[in-house]
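Report on one structure; see the data block that follows.
The values are calculated or read from the model by the stated rules, or taken from the named source; none is laboratory data. What you see is a predicted model, and the numbers here were worked out from it, not measured in a lab. Cβ atoms come from the backbone with ideal geometry, glycine included; neighbour counts cover every protein chain shown.
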Amino acid sequence: MAFAACTKEQLPVADYDIIPQPKEVQLNEEKPFELGPKTLVYYESGLQREAQFLSEYVNDIMGYVLQMQEYQSQPDGIVLKVVPEDFDQAEAYEINITPKQVTIKGADAAGVFYGIQTLRKSLPISPIDSSQPTNQRRNDMGEPNSQLSTSNSQLTLNSKLSTLNSQLPCGTIKDYPHFAYRGMHLDPCRHFIPLDSVKVYIDMLAMHNMNQFHFHLSDDQGWRIEIKKYPELTEIGAYRNGTVIGHNGNLYDTIRHGGFYTQDELRDLIEYAAERHINIIPEIDLPGHMQAALACYPHLGCTGGPYEVWKRWGVSEDVLCAGNEETMLFVEDVLNEVMDVFPSPYIHIGGDECPKVRWEKCPKCQAKIKELGIKKDDKYSAEDYLQSYVMNRMAKVVEARGRRVIGWDEILDGNVSETAIIMSWRGTEGGIEAARKGHDVIMAPSSHLYFDYYQSEDIASEPMCIGGYLPVERVYEFQPLPEELTPEQQKHIIGVQANIWTEYIAHFWHVQYMALPRMEALTEIQWNNPQERDFDAFVERCRHMAQLYELYHYTYADHIFNPQVWADTVEANLATHKPISLRQQPAEKYTYEGASLLNDGNLGRGAYNSGRWLGFCGYPLDAIIDLEQPAEMQHVRFHALVNKGAWIYNPSQVKVLVSDDGETFREVAQKDIPISTWEDRDGIFAYEVGFEPVTAKFVEVIITGYDLPEDHSGFGNPAWIFVDEIEVE
Ligand code: TNX
């Protein structure tokens, strides 16, 4: 078990069995090092920030701040230092734990930082009972098996052990990364993600020893980076006047969605990431995925527009005009400004999903093809080669400033220059081809590393997403070094990355939910690429990580901890299977077998239209249950489903009345429930109202709904409520 075995003195003990698993852990029987509020951190000059991180992390977990000072000879305490000559690889570290001293020695500051992460993740987080699945620990709302685990203030997380010291078993930990490039991507274009949330995302990356954050800053649906030379890009291009609802039908909401990051904000973010040894790779996606820019500067497109910042998902046919010199100069300017802001050694220039239908008909593009003497061949069209021209031209702009370009694997279509790094997303084939041709490669195949895909087959119980099925197990299986490649070619695979596209992810809690715990499997591959993989042991280590998520209030999916998934039934209670009637029937579409669904002993689950919920809109659910004989009661409970995009909100109020004859009722309880906001997660929630014990033969439960609030596209209309399983105890 990953934590908090207790010694005779009941001091919690650190456990080095974390994620990513350190390569070598050798423990001995010496008396453990005792970590407590008086422990001092000594750092070599240049490592002050690292020392601060350590102190902050210990404070997060233990509830006390460690004092820090510059290094002295042979001090007792925690010592941070860099000794490059002791390592043969960058980012490596070694931790030596003796009864009086913990030394974290790095090949460089990054190595020290990863040693600190390991120590942090090893600390005992909480003595609470880990044999309980996480979702039952936070079950004080009575939600038996929600797939969404999110921390909140109701949680009784005993994270701060302030009065307790903890013990670090003595020994040596040696560790170093397998891949030099360890990244995650985030798309703030389809849905804008506020800067503070992006910082939390960076914290999550840091916790997982990642060193690259790929920030996708432009797309059809929104332009997100301030470009001083082209202010319209953010004045106009950062906002769209509606978003398609659901899976790309023809219904749109009317909410103006958007936002952007100023260059100052981005500089601040870059520094924030750099302190955590993370480089931010900006992506300007070109020449496709440019409709937001075209909406601002229609003359840069082939047809001249007009264009709008796109309200749908998918691949727009309107792309940059490759035959227009002005368009090329625009892109060069943008890239130059991006490079002014981002010091990243890599600049991502996109290149994916660029339909050629406009170019085929565009006189300027066709003239350019002629001018360049481009000829189609058996493999590629003239327009494919025209895209290579654009990509190679932009690569030169980037390389002129000493940076390297990254592009999506489509840029292999044609004759892209060998210096470009290929990000293989349509499977690993692009990566294999690229490595054979001598390109460096980052593996990010949608088959294993697209964290915008579902992580459970029970999709009705999941927050809606783009599709697919990519459980943690599958991520964990990923082999980034294809056998088809020779060892020499394999050296071109410089790293591994997972991507989070946000078409169906409108809120940061959902980003976290999609990332965690799949990120654990990713990390294990990036850092260790283990030859032997033991999923069960991995899950045990994930449990410990989940405690950290709880501590930091990260929302995460807990399927791997609860393979049995849902408990479908409730315990028999006074209401179960008793005669029940409704004063007003549910909406016809959501009536199913009627009132009896509400006390059949089966819990509501799945989507609102799963047949397991009764739906009401514009009037309350008003149910009368005949207990058949007088019984004492003091609790009423029920579940309701929240799916704000589908106009379904939590109830505003619940009232309980009782009666002896079924005719005259008297109120015994009333409870108001605050409205769910866009910051709150959707899902299934349990509600409970308690009252003084009362004996009666009939109980009436009235559950009232809200009207849709001002920030909802359906503002002014009544919200739906979907309710199931009323329990009386
Ligand atoms: C493909 S991955 C895209 C993105 C979408 C994503 C959805 C890539 C280079 N292009 O534009 O958001 O699929 O999974």
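Here is how the numbers come out for the structure above:
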read-out	value
Helices (runs of 4 or more DSSP H) enclosed by region 475-532 - at least 2 residues per element that are of a type outside the set (Asp, Glu), surrounded by 21 or more Cβ atoms within 10 Å (Cβ to Cβ) and touching a residue at least 40 places away in the same chain (Cβ under 8 Å)	508-515, 518-527
Qualifying strands (runs of 3 or more DSSP E) (wholly inside region 325-442; at least 1 residues being in the same structural domain as TYR272 (by TED's automatic domain parsing), closer than 24 Å to LEU217 by Cβ and touching a Leu at 6+ places or on another chain (Cβ under 6 Å))	346-350
Among the candidates GLY716, GLY683, residue that is at positive phi and exposed (fewer than 15 other Cβ atoms within 10 Å of the Cβ)	GLY716
Top-ranked residue in region 9-30 [being under 20 Å from TYR114 (Cβ atoms) and among the charged types (D, E, K, R); ranked as surrounded by the most Cβ atoms within 10 Å (Cβ to Cβ)]	ASP15
Selection within region 447-465 - surrounded by fewer than 18 Cβ atoms within 10 Å (Cβ to Cβ) and within 14 Å of the ligand (Cβ to nearest atom)	SER447
Residue ID - farthest from LEU335 (Cα to Cα), chosen from residues in region 284-312 that are among the β-branched types (Val, Ile, Thr) and within 16 Å of the ligand (Cβ to nearest atom)	VAL309
Residue that is surrounded by the most Cβ atoms within 10 Å (Cβ to Cβ), among those in region 209-228 that are assigned to a loop (DSSP other than H, G, I, E, B) and out of contact with any strand residue (DSSP E or B) (no Cβ under 8 Å at 6 or more places or on another chain)	ASP220
Qualifying positions in region 588-611 - out of contact with any strand residue (DSSP E or B) (no Cβ under 6 Å at 6 or more places or on another chain) and either charged (D, E, K, R) or on the phi > 0 side of the Ramachandran plot (or both)	GLU588, LYS589, TYR592, GLU593, GLY594, ASP600, ARG605, GLY606, GLY611
Residue tally, condition in contact with a Phe, Trp or Tyr (Cβ under 8 Å, 6 or more places away or on another chain), more than 16 Å from the ligand (Cβ to nearest atom) and of a type outside the set (A, V, I, L, M), over region 186-207	5
Of all residues making up region 313-324, the number that are charged (D, E, K, R) and either within 13 Å of the ligand (Cβ to nearest atom) or assigned to a helix (DSSP H, G or I) (or both)	0
Tally of residues being surrounded by fewer than 22 Cβ atoms within 10 Å (Cβ to Cβ) and aromatic (Phe, Trp, Tyr) across region 609-653	2
Residue identified as surrounded by fewer than 23 Cβ atoms within 10 Å (Cβ to Cβ), within 23 Å of ILE281 (Cα to Cα) and in contact (Cβ under 8 Å) with a residue 12 or more places away in the chain among GLY351, GLY407, GLY438, GLY430	GLY438
Failed condition for ILE97, given (1) of a type in the set (A, V, I, L, M); (2) closer than 22 Å to PRO169 by Cβ; (3) in contact with a Leu (Cβ under 8 Å, 6 or more places away or on another chain); (4) surrounded by fewer than 21 Cβ atoms within 10 Å (Cβ to Cβ)	(4)
Residue match in region 172-185 (condition: among the basic types (Lys, Arg), more than 16 Å from the ligand (Cβ to nearest atom) and assigned to a loop (DSSP other than H, G, I, E, B))	no
In region 475-514, the residues that are within 16 Å of the ligand (Cβ to nearest atom) and in contact with an Asp or Glu (Cβ under 8 Å, 6 or more places away or on another chain)	ASN499, ILE500, TRP501, THR502, GLU503, TYR504, ILE505, MET514
Region 272-283, subset in contact (Cβ under 8 Å) with a residue 60 or more places away in the chain and more than 16 Å from the ligand (Cβ to nearest atom), residue nearest to LEU386 (Cα to Cα)	ILE280
Extreme residue, farthest from the chain's Cα centre (by Cα), among residues of region 8-30 that are acidic (Asp, Glu) and closer than 30 Å to PRO517 by Cα	GLU24
Residue list for region 403-440, filter: of a type in the set (Asp, Glu) and away from the ligand (no atom under 15 Å from the Cβ)	GLU418, GLU433, ASP440
Among the residues listed as GLY249, GLY237, the single one being part of a loop (DSSP other than H, G, I, E, B) and modelled with pLDDT of 95 or more	GLY237
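Each row is one residue, and each column tells you yes or no for (1) within 27 Å of PHE213 (Cα to Cα); (2) more than 25 Å from the chain's Cα centre (by Cα).
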residue	(1), (2)
ILE225	yes, no
TYR230	yes, yes
LEU233	yes, yes
HIS257	yes, no
GLN263	yes, no
TYR272	yes, no
ILE281	yes, no
GLY304	no, yes
VAL334	yes, yes
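The rows are residues; the columns are (1) more than 30 Å from the chain's Cα centre (by Cα); (2) touching a residue at least 60 places away in the same chain (Cβ under 8 Å); (3) buried (at least 23 other Cβ atoms within 10 Å of the Cβ); (4) under 17 Å from ASN209 (Cβ atoms).
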residue: PRO32; (1), (2), (3), (4): yes, yes, no, no
residue: THR39; (1), (2), (3), (4): yes, no, no, no
residue: GLY63; (1), (2), (3), (4): no, yes, no, no
residue: GLU70; (1), (2), (3), (4): yes, no, no, no
residue: SER73; (1), (2), (3), (4): yes, no, no, no
